[in-house]
Amino acid sequence: MLLPTKGISAERALLTVAAQTLKQIDGPVTVSQAWARFREWREREGFTSPIPFWWFAYALDVLFAIGRIEVRDGVIVRKDGNASQAVLV
């Protein structure tokens with residue numbers, strides 16, 4: 001699920017989707033804004049495998065679990081490499 005397998009292609013693996021999602025979080029964003037940016041970016045980049053919203057939500061969970069994002073005042077903010085310090089880009 002996290003990594004590509006026989007049943008999950010590299011472009012649909014959860015870590016891939018999480019990395020692509022993180023690229024779209026360049027400042028405080030709502031979940032809806034992040035979802036829209038993610039879908040637009042994938043379309044522009046030529047990815048053909050559809051990603052359902054629930055898989056995107058899992059990617060947000062992964063990013064939160066590894067300390068790359070947090071929620072502040074109802075919006076998602078990206079954190080730098082130091083898990084104790086958030087960056088509002």
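The values are calculated or read from the model by the stated rules, or taken from the named source; none is laboratory data. What you see is a predicted model, and the numbers here were worked out from it, not measured in a lab. Reconstructed Cβ throughout: ideal geometry from the backbone, glycine too, with neighbour counts over all protein chains shown. In case anyone asks, the SASA skips ligands and DNA or RNA and just uses the protein heavy atoms, side chains included. Shrake-Rupley method; radii C 1.70, N 1.55, O 1.52, S 1.80 Å.
Restricting attention to the stretch 17-56, the residues being of a type in the set (S, T, Y) and either open to solvent by less than 40 Å² (accessible area, probe 1.4 Å) or in contact with a Ser or Thr (Cβ under 9 Å, 6 or more places away or on another chain) (or both) number 2.
Restricted to the stretch 57-77, and to residues there that are of a type outside the set (A, V, I, L, M), out of contact with any Lys or Arg (no Cβ under 7 Å at 6 or more places or on another chain) and closer than 16 Å to Q24 by Cα, the residue that is most open to solvent (accessible area, probe 1.4 Å) is F64.
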